[in-house]
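First the structure, in the form of structure tokens, and then the observations on it.
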Amino acid sequence: MGKPLLVVSSVTYAMKSRDLLSARGFRAYVERIPRTRETGCGYGVYVPQGADEAERILKENGVRILGRMEQEGRP
């Protein structure tokens, strides 16, 4: 099983998301995601625990989530 990533549109939104989640007690890390047709070049926010809750918080605070993916690497 890979790392759960919340895909956002830019590095700016990834950093905003990380800071917002960190302020609410989540561990969150900005990750570069691999280039795909669906996402192009983009960034994601890796949330080791509570990805569903983190996604809800981000949406409530105006961050558009482009999707979710699992990236291979550390669990």
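The figures follow:
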read-out: Of all accessible heavy-atom area on the chain, the percent that carbon and sulfur account for (1.4 Å); value: 48 percent
read-out: Cβ-derived FRET efficiency at R0 25 Å, V11 paired with Q49, nearest 0.05; value: 0.60
read-out: Net charge, T12 excluded, C-beta distance under 15 Å - Lys, Arg +1, Asp, Glu -1; value: +2
read-out: Per residue accessible area of the chain, 1.4 Å probe, in Å²; value: 62 Å²
read-out: Mean separation of Cα contacts under 8 Å (6+ apart) over length of the chain, as relative contact order %; value: 49 percent
read-out: Order of exposure, largest accessible area first, which applies to M69, M15 with probe 1.4 Å; value: M15, M69
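The values are calculated or read from the model by the stated rules, or taken from the named source; none is laboratory data. None of these values were measured; they are calculated from a predicted model. All Cβ positions, glycine included, derive from the backbone under ideal geometry; neighbour counts span all protein chains shown. These accessible areas exclude ligands, DNA and RNA; they are computed on the full protein's heavy atoms, side chains included. Shrake-Rupley method; radii C 1.70, N 1.55, O 1.52, S 1.80 Å.
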